[in-house]
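Undergrad: Pasting in a structure now, in structure tokens, and then I'll have a few things to ask.
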Amino acid sequence: MYNFSNIRYAQPPVGDLRWAAPVPPTGRNPQVQTGNVEHICPQAVPAWTAIAQNFTLAYVQGLPFNFSAAEAALQADLESGHGPPVDPRTSEDCLFLDVFVPKAIFEKQLKAPVLVW
């Protein structure tokens with residue numbers, strides 16, 4: 001599998017470009033094929049994710065889980081202004097593509113369907 005990452009497909013959606021249709025990029029990114037995941041668009045993470053993760057871990061390990069205590073701890077965190085941690089790669093400058101190509105398709109230069117999600 002070949003991985004072509006960090007291909008800019010639009011200018012950063014900031015300032016006047018926020019909440020507007022994507023605008024074609026200017027210039028060229030010389031580091032397209034680094035394989036790094038450097039840009040993640042802001043995501044909404046439900047506050048209960050931490051409870052779900054802890055419950056799942058306890059369940060898999062066969063340990064008891066105190067939902068009331070977990071819920072109270074979550075409520076205290078939210079009231080103190082703490083929420084789920086934000087991934088440090090999160091940026092509004094996140095309009096990039098990652099393209100994965102099977103080696104056989106790429107090396108033989110075959111035409112193949114493309115899946116976009």
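The values are calculated or read from the model by the stated rules, or taken from the named source; none is laboratory data. Keep in mind it's a predicted model, so treat the numbers as computed, not measured. Note that each Cβ is placed from the backbone with ideal geometry, even for glycine, and that neighbours are counted across all protein chains shown.
Undergrad: Does the stretch 24-46 include one or more residues that are under 21 Å from VAL116 (Cβ atoms) and at pLDDT 85 or above?
TA: Within the stretch 24-46, one or more residues are under 21 Å from VAL116 (Cβ atoms) and at pLDDT 85 or above.
Undergrad: Being surrounded by 11 or more Cβ atoms within 10 Å (Cβ to Cβ) and aliphatic (A, V, I, L, M) is the filter here; which residues of the stretch 100-111 pass it?
TA: Matches in the stretch 100-111: VAL101, ILE105.
Residue-by-condition table, conditions (1) assigned by TED's automatic domain parsing to the domain that holds PRO24; (2) under 30 Å from PRO25 (Cβ atoms); (3) hydrophobic (A, V, I, L, M, F, W, C):
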residue: ALA50; (1), (2), (3): no, no, yes
residue: GLN53; (1), (2), (3): no, no, no
residue: ALA69; (1), (2), (3): no, no, yes
residue: ALA72; (1), (2), (3): no, no, yes
residue: GLU107; (1), (2), (3): yes, yes, no
residue: VAL116; (1), (2), (3): yes, yes, yes
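Undergrad: Return yes or no: is LEU57 closer than 30 Å to ASP16 by Cα and modelled with pLDDT of 85 or more?
TA: Against the criterion (closer than 30 Å to ASP16 by Cα and modelled with pLDDT of 85 or more), LEU57 does not qualify.
Undergrad: Being small (Gly, Ala, Ser) and modelled with pLDDT of 85 or more is the filter here; which residues of the stretch 60-90 pass it?
TA: Answer for the stretch 60-90, where residues must be small (Gly, Ala, Ser) and modelled with pLDDT of 85 or more: GLY62, SER68, ALA69, ALA70, ALA72.
Undergrad: Of everything in the stretch 74-96, what is closer than 17 Å to PHE4 by Cβ and touching a Ser or Thr at 6+ places or on another chain (Cβ under 8 Å)? Give them in sequence order.
TA: The answer is PHE96, and nothing else.
Undergrad: Could I ask something else about it? Does any residue of the stretch 90-99 turn out to be surrounded by 12 or more Cβ atoms within 10 Å (Cβ to Cβ), in the same structural domain as TYR2 (by TED's automatic domain parsing), of a type outside the set (Gly, Ala, Ser) and more than 26 Å from ASP16 (Cα to Cα)?
TA: yes
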